[in-house]
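Let me begin by presenting the structure, written as structure tokens, before commenting on it.
Values quoted throughout were computed directly from the atomic coordinates according to the rules given, and no laboratory measurement underlies them. Given the structure is predicted, the values throughout are model-derived calculations rather than measurements. When we count neighbours, we look across all protein chains shown, and the Cβ atoms used for this are built from the backbone with ideal geometry, even at glycine.
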Amino acid sequence: MTSTPQAPPAGRPTAIPPKQESLLRPPPRERRSIVVQWITSTDHKTIGYLYIIAALLFFLLAGLMALMIRAELFAPGMQIIPTKQQYNELFTMHGTIMLLMFATPLFAGFANAVMPLQIGAPDVAFPRLNALSFWLFLFGSLLAVSGFFSPGGAPGFGWTAYQPLSSVTFQPGVYATIAIAALSVAVWAHHMFATGAVLLPFFSLLTVLIAVPTGVKIFNWIGTMWRGSVTFETPMVFVLGFIITFVFGGLTGVILASPPLDFHVHDSYFVVAHFHYVVFGTVVFAMFAGFYFWWPKWTGRMLDERLGMVHFWMLFIGFHTTFLIQHWLGADGMPRRYADYSGEDGFTWQNQVSTLGAMILGASMLPFLLNVWLTARKGARVTVDDPWGYGASLEWATSCPPPRHNFTSIPRIRSERPAFDLHHPDAGLPVGVGPAKDAPDTPVEDVGSGDVK
């Protein structure tokens, strides 16, 4: 027996009126272009990417300027750059861009993109202020570069502007870094040894002393690798290139710390070579190590290893061919910042070797850019949190790429390598040392006393 449906009581509507239905319907999601999303974002990751992209573009621009300078010095006479004033403008803006528009904001980019993830934070404090800092950097940098289009041209008085800004130190670490920072306050004076305006024994001693904590850091890095399980993927190869290049720069720094030797090579290409070994070795090799290491975390795709190795060897060979010979060029007497030289000086073949190296160095960016393009188009998606397999810090405990606020739940910290603990629970925790001793609900044997804590 079936019952027929009864009609609704009189006066009760059988459907929601259209006006009320529109109020109950969720509002349509606003669709914005990727450009609008990026320029209005306060996400620390997006701001970090903006810093890195802008810094890399300025790096390419300054690199093109360097290639023009080296092409001009390939042979005596003015061939490429029309006037010596324009040459002065090129090397001034090359140094200014590399230091202030590439190296400095690059560190801000990596700090924004990686550090909140490493400490388990959902974002940075004052995200709008963080975004404002990027736009101030970008527009200020564009204003400085736009000097090339002004009637008077770009600045041509040397990138240091004045002497106290001519010494820059980039060093990681803890206690050794504090010593380096303290000594760096006075290291700039070694650029003024030849002026007679500084106390030579005092500033020479301080310059030599800075080699001590720097050496501590270098042996710390080497010792860490010596006791570790090292594999030679592209990021690690760039790290080794960084250490080798930075050590070369440190050794020539000891020479410049001696006033008698500094008098001979002051304002020569020896100083140019030393400076590029220190700064390029610190910044550029470390930058590409970071790119290849964190690229899957940022984009969800792995860069190609073969193209990465081609990129490294072209960069390494090109750099050392460019700048190693400049030590001898400076010792033979070629001054820096000169737009021309005489064929009778004997500098021609050394400049030609340096220029050929610069062309290889510039061409090394092609496999990197090709790698980025192919990876974006055809690269396989990373489906795990840690594609490297043995990441220790917290950025490898979330997805690739991470969600808007980095973690879907608060990550558990049980040791100094929480991501490794998460992905390898059977590996066990360290016993008797480190933060694991204080982890709750974790019985740990103290090796020294034999007690279980």
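A compact table of results
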read-out: Per-q log10 I(q)/I(0), segment 58-168, q = 0.13, 0.16, 0.18 Å⁻¹ (Debye; single scatterer per alpha-carbon; no solvent); value: -0.61, -0.82, -0.96
read-out: Amide H partners (placed H, <5 Å) of SER268, local residues excluded; value: ARG336
read-out: Part-to-part distance (alpha-carbon centres) for segment 318-396 and segment 234-311, which is given in Å; value: 9
read-out: Hz values of 3J(HN,Hα) by residue in segment 317-322 - Karplus curve (6.51, -1.76, 1.60), Gly and Pro given as x; value: 5, x, 5, 5, 5, 5
read-out: Summed residue charge, Cβ within 11 Å of THR42's Cβ, Lys/Arg positive, Asp/Glu negative; value: +1
read-out: Packing-based order for 305-314, 271-280, using average beta carbon neighbours within 10 Å, highest first; value: 271-280, 305-314
read-out: Rounded to whole Hz, the Karplus (6.51, -1.76, 1.60) HN-Hα couplings of segment 133-149, x for glycine and proline; value: 4, 5, 5, 5, 4, 5, 5, x, 5, 5, 5, 5, 5, 5, x, 4, 9
read-out: FRET efficiency, 1/(1 + (r/R0)^6) with R0 25 Å, evaluated for PHE157 and LEU136 via beta carbons; value: 0.55
